[in-house]
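What follows is a single structure, written as structure tokens, with notes after it.
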Ligand code: TEU
């Protein structure tokens, strides 16, 4: 990369505060583009398709894990933090991807999974071999069981994917032995974050990738890692019979005070790069913590830089609930000096076009005393409801203008720019998410939002692979949604995203932090100003008369300067 190339592609590339306004595109490598025609996406495929992202106008990409992994949780089970899975390519390919992204003015965030490794990680194998009381075991959370012969788990915690959060190992002498903790899949043993080996290793892993030129990390389950040292029992979830995974204050699995020290340590590692060409490196925290006032502690000045705002994702499609989320999000972030972020989807949640086509579209944040539904549970509940996909897509387009019209950063999950829907009827035989087995087939899991992207052509594999059967089947009804089809249609969702992103990049008002509710705001109409630009979203049935001004972009055709239902518009006053 030369600075000149990157600056031509994106004038804000070398702005040290790029992350405060960045639109970040999430690549799920398995499902983005397959260059070697084996049905699985790879890094060469990502490089081949980078021009799609540069043309879209995003500022950065976040790459879901590409490390060696048995893929028992889609790569969030890491066997080696310093390499790339042969399924996806080589370290040389990773370097080439980083350089190619930078040359197009795109920053690169990588996914880091510090709460747990894969059971294939050499440290976990060493821990099993070394036996109780060893320094190797001390890197994970091994405990003796309860009961006379240690036959009961050390506590009642449940895995987020179903079943108990503990698994008993067989010791070298063949006898049943200690138990290890795994908040997620049985193949994902939790590290012990009070162990200095663990802390030092993750610091070193970060430097390994920073030195290769990545611009930051998305921190997986950033609210886990540190556990209450007493590992106390928690209230039982009657649905599962295991300990609850609710995240109320005081729960011993989540959001423990010790996290602050871990985050400060990481911040120092990232800040040490401030004098380099790419500048200091940055973090985005993945933490489903409620309410937002509690979450923003993670982005205090000496901790992480940004955090996903999942309230926006979880909220129902209504003016009142969305207004509530905005009214809580902005001041909470201002109080700590961090930028807000806006999120409509990711690889764990039902795709937005499908969600917004359901009779229930999410949580009503104006209703008192509800705790946020776990994404996996929410997806399972939504699945039972019918979808009006036409309405869902229309709302998803409006939601895109809302998300991109708000101050701060925003995230686009691959395929959102195409208006893709959740594939809810994948055959059971192809389901891969561990949630399906671990929940005893109670929950189908998250495969429906992970189906590969349709690039071109009339039928599967739609240019994702040349000829191979994709790792998850691609539906016949995606033929009109390919990148090639939408590229040629000025009214497509793809071109709506391109237009909004181009405006965001060029209009100074949209890069400033200014935000004020407009007098038009109220009832079913959300209306706010970003400097001289008015943003209006109509959640109601009655068309909204717009004030005079130039229409910059609209999610649906206007009727004589009136904004129809489930639509959004940006107007220069
Ligand atoms: O997800 C974390 C995760 O915890 C949510 O999906 C979870 O259901 C929520 O926190 C409940 O409150 C991350 C990854 O995004 C996901 O794909 C992995 O499976 C998971 O971590 C384990 O690494």
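The values are calculated or read from the model by the stated rules, or taken from the named source; none is laboratory data. All values derive from a computational prediction rather than experimental measurement. All Cβ positions, even for glycine, are placed from backbone atoms using ideal geometry, and neighbour counts span all protein chains on display.
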task = Considering only the stretch 131-164, state which residues are more than 16 Å from the ligand (Cβ to nearest atom) and touching a helix residue (DSSP H, G or I) at 6+ places or on another chain (Cβ under 6 Å).
result = 136, 137, 139
task = Assess whether residue 247 counts as being within 16 Å of the ligand (Cβ to nearest atom), more than 19 Å from residue 131 (Cα to Cα) and at pLDDT below 95.
result = yes
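Yes or no, residue by residue, for (1) more than 23 Å from the chain's Cα centre (by Cα); (2) at pLDDT below 95; (3) surrounded by 23 or more Cβ atoms within 10 Å (Cβ to Cβ):
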residue: 126; (1), (2), (3): yes, no, no
residue: 144; (1), (2), (3): yes, no, no
residue: 209; (1), (2), (3): no, no, no
residue: 213; (1), (2), (3): no, no, no
residue: 218; (1), (2), (3): no, no, yes
Every residue from the stretch 529-543 that is in a loop (DSSP other than H, G, I, E, B) and either farther than 26 Å from residue 339 by Cβ or outside the structural domain of residue 563 (by TED's automatic domain parsing) (or both) = 540, 541, 542, 543
ask   = Does residue 287 satisfy the condition of being part of a helix (DSSP H, G or I), in contact (Cβ under 8 Å) with a residue 60 or more places away in the chain, within 13 Å of the ligand (Cβ to nearest atom) and surrounded by 17 or more Cβ atoms within 10 Å (Cβ to Cβ)?
value = no
task = Count, please, the residues in the stretch 199-224 that happen to be within 16 Å of the ligand (Cβ to nearest atom) and either closer than 26 Å to residue 20 by Cβ or touching a strand residue (DSSP E or B) at 6+ places or on another chain (Cβ under 7 Å) (or both).
result = 9
message = Within the stretch 19-106, considering only helices (runs of 4 or more DSSP H) that don't extend past its boundaries, which have at least 1 residues that are modelled with pLDDT of 95 or more, within 25 Å of residue 304 (Cα to Cα) and in contact with a helix residue (DSSP H, G or I) (Cβ under 7 Å, 6 or more places away or on another chain)?
response = 91-103
message = Test of understanding: among 526, 552, 510, which residue is over 24 Å from residue 34 (Cα atoms), within 26 Å of the chain's Cα centre (by Cα) and in a strand (DSSP E or B)?
response = 526
message = Given the criterion farther than 18 Å from residue 227 by Cα, surrounded by fewer than 23 Cβ atoms within 10 Å (Cβ to Cβ) and in the same structural domain as residue 254 (by TED's automatic domain parsing), identify the matching residue among 201, 148.
response = 201
ask   = Could you list, in sequence order, the residues of the stretch 352-382 that are closer than 18 Å to residue 287 by Cβ and modelled with pLDDT of 80 or more?
value = 363, 365
query = Does at least one position in the stretch 406-422 carry a residue that is at pLDDT below 95, within 16 Å of the ligand (Cβ to nearest atom) and in a loop (DSSP other than H, G, I, E, B)?
reply = no
note = Within the stretch 105-124, residues crowded, with 20+ Cβ neighbours inside 10 Å and away from the ligand (no atom under 16 Å from the Cβ) come out as 105, 106, 107, 108
request  = Return the pairs, sorted by first residue and then second, in which the second residue is within 16 Å of the ligand (Cβ to nearest atom), the first residue lies in the stretch 115-126 and is more than 25 Å from residue 255 (Cα to Cα), the beta carbons are less than 6 Å apart, and the residues are 6+ apart or on different chains.
outcome  = 120/70; 120/79; 121/79
request  = Confirm whether residue 440 is on the phi > 0 side of the Ramachandran plot, more than 14 Å from the ligand (Cβ to nearest atom), touching a residue at least 60 places away in the same chain (Cβ under 8 Å) and touching a helix residue (DSSP H, G or I) at 6+ places or on another chain (Cβ under 7 Å).
outcome  = no
ask   = Any idea how many residues of the stretch 26-68 are within 16 Å of the ligand (Cβ to nearest atom) and over 19 Å from the mean Cα position of the chain (by Cα)?
value = 1
request  = Test residue 304 against the criterion of being crowded, with 22+ Cβ neighbours inside 10 Å and within 15 Å of the ligand (Cβ to nearest atom), and give yes or no.
outcome  = no
inquiry  = Given the criteria on the phi < 0 side of the Ramachandran plot and buried (at least 20 other Cβ atoms within 10 Å of the Cβ), does residue 538 qualify?
reply    = yes
Check on residue 179, closer than 18 Å to residue 225 by Cα, in a helix (DSSP H, G or I) and away from the ligand (no atom under 16 Å from the Cβ) = no
ask   = Any chance the stretch 185-204 includes a residue that's closer than 30 Å to residue 13 by Cα and under 23 Å from the mean Cα position of the chain (by Cα)?
value = yes
key: Number of the exception - residue 511 against (1) touching a strand residue (DSSP E or B) at 6+ places or on another chain (Cβ under 6 Å); (2) modelled with pLDDT under 95   = (1)
